[in-house]
1. For the list (1) closer than 30 Å to Y361 by Cα; (2) touching a strand residue (DSSP E or B) at 6+ places or on another chain (Cβ under 9 Å); (3) in contact (Cβ under 8 Å) with a residue 12 or more places away in the chain, I need the number of the one condition that E51 fails.
2. Suppose we filter N338, N326, N334 for residues that are open to solvent by 90 Å² or more (accessible area, probe 1.4 Å) and either modelled with pLDDT of 95 or more or assigned to a strand (DSSP E or B) (or both); which single one remains?
3. When you go through (1) modelled with pLDDT of 95 or more; (2) surrounded by 23 or more Cβ atoms within 10 Å (Cβ to Cβ); (3) under 30 Å from N4 (Cα atoms) one by one for G81, which number turns out not to apply?
4. Please work out if V190 is of a type in the set (V, I, T), closer than 18 Å to L169 by Cβ, open to solvent by less than 10 Å² (accessible area, probe 1.4 Å) and at pLDDT 95 or above.
5. What pairs come out if I take residues in the stretch 309-333 that are closer than 19 Å to Q294 by Cβ and pair them with residues that are surrounded by fewer than 16 Cβ atoms within 10 Å (Cβ to Cβ) and among the hydroxyl-bearing types (S, T, Y) whose C-beta lies under 9 Å away, six or more apart or interchain?
6. Go through the stretch 116-151 and count every residue that is part of a strand (DSSP E or B) and surrounded by fewer than 23 Cβ atoms within 10 Å (Cβ to Cβ).
7. Condition test on L169, is it modelled with pLDDT under 95 and out of contact with any Cys (no Cβ under 6 Å at 6 or more places or on another chain)?
8. Could you check the stretch 347-366 and list, in sequence order, the residues that are of a type outside the set (K, R), surrounded by fewer than 20 Cβ atoms within 10 Å (Cβ to Cβ) and under 14 Å from G263 (Cα atoms)?
Amino acid sequence: MNQNFYLEIKHVDKVTGARYGFLHTPHGTVEVPMFMPVGTLATVKCLSPEEIKSLGAGVILSNTYHLHLQPGEEIVKKAGGLHHFMNYDGPILTDSGGFQVFSLQSQRKISEDGVEFRNDLNGDKEFFTPEKVIEIEEALGADIIMSFDECIPYPSDKKYAEASTERTLRWAKRGLEHHTREDQALFGIVQGSSYRDLREHAAKELAKMDFPGYSIGGTSIGEPKEVCLQMVEDAIRFLPLDKPRYLMGVGSLDYILGGIERGVDMFDCVLPTRIARHGALMTSQGRVNIKGAQYKEDFTPLDPECDCYTCKNYTKAYLHHLFMTNEEFGKRLNSIHNIRFLIKMMEGAREAIKEDRFKEYKEEIIAKYGDERGF
């Protein structure tokens with residue numbers, strides 16, 4: 001066991017597979033299950049590191065691909081690594097760029113060696129190999145780093161999914177062999193699309209490689225919810241009980257709660273901040289679109305059950321005014337609330353797990369807030 005990084009499970013819900021515990025990292029210990037705010041370019045949009053901390057966040061996420069393009073990993077390394085560069089003293093996780101392999105389909109070519117793509121800032125050719133990605137992530141210096149993978153599109157035919165999954169496994173082994181920093185935890189990523197046998201195979205093969213943690217990738221990209229949760233089940237059944245499990249890119253309530261129920265420990269998504277900047281807010285009364293005319297003279301708090309800075313100090317009328325006048329302060333207040341909403345929901349989930357009532361908690365949340373994708 002790495003003394004700088006390990007998962008300590010304290011309780012498993014007696015009815016579901018939900019787990020409560022502590023994730024120990026070089027930059028502090030955080031409780032799981034948890035939601036990780038996304039700071040793609042070494043910043044959570046509109047918010048300061050101090051604000052992120054005040055919301056109860058533990059780990060935050062940055063993106064290897066985007067930071068490689070700008071400002072470049074060498075700049076970050078010269079600054080002392082991501083923690084110094086962005087002035088965040090808590091744990092940080094970096095994605096590997098595998099999702100960009102999926103999202104930049106028209107601009108990339110995949111081979112056994114890696115992925116060639118066009119730099120969308122200046123048009124230059126770039127080539128990511130599993131080894132190069134590890135080198136970038138080591139220079140960035142996050143506590144948790146991801147293996148390079150391909151996020152398989154949905155739907156995908158079996159032949160393509162099988163070839164891609166096998167290649168991702170080979171890339172995982174190459175990355176693991178190239179990784180040198182003992183103060184970083186490298187996670188393997190389970191792919192396999194919606195094919196149950198491929199998910200099982202990928203999970204078993206990655207478990208043999210003995211990564212410090214495991215991610216479940218290739219979900220929440222357009223597949224039905226029941227398919228997504230089946231993918232999660234088909235991976236988790238074959239992953240080690242004593243290692244953290246991270247479901248990538250999931251940020252809506254129903255998907256998060258479904259993941260927790262199946263034994264997932266970590267979640268991330270741009271959803272809460274992205275929709276916040278467009279005036280969509282998660283509240284205990286359901287979704288609020290703050291641009292609505294009905295809020296122009298509504299001088300009540302956004303959410304009476306929320307303890308965030310926004311809800312304590314500002315009214316719906318003011319948030320409506322800020323949105324309608326395109327003031328940056330409004331985007332900041334909305335983002336504060338949405339992130340706190342999800343983190344507070346996770347706090348409630350942890351308490352419910354400790355008391356063996358997670359199933360009831362999940363049902364209460366869904367009944368209260370709804371069961372809509374993307375909230």
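The values are calculated or read from the model by the stated rules, or taken from the named source; none is laboratory data. A quick note: this is a predicted structure, and the numbers were derived from the prediction, not measured. Reconstructed Cβ throughout: ideal geometry from the backbone, glycine too, with neighbour counts over all protein chains shown. Accessible surface is based on the protein model in full, side chains and every heavy atom, while ligands, DNA and RNA are left aside. Shrake-Rupley method; radii C 1.70, N 1.55, O 1.52, S 1.80 Å.
1. (2)
2. On the way: N338 fails: open to solvent by 90 Å² or more (accessible area, probe 1.4 Å); N334 fails: open to solvent by 90 Å² or more (accessible area, probe 1.4 Å).
None of the others qualify; the one that does is N326.
3. Unmet condition: (2).
4. yes
5. So the pair list comes out as T315/T300; K316/T300; A317/T300.
6. Here the count works out to 6.
7. No: the conditions fail for L169.
8. If the condition is that a residue be of a type outside the set (K, R), surrounded by fewer than 20 Cβ atoms within 10 Å (Cβ to Cβ) and under 14 Å from G263 (Cα atoms), then D356 is the only one that fits.
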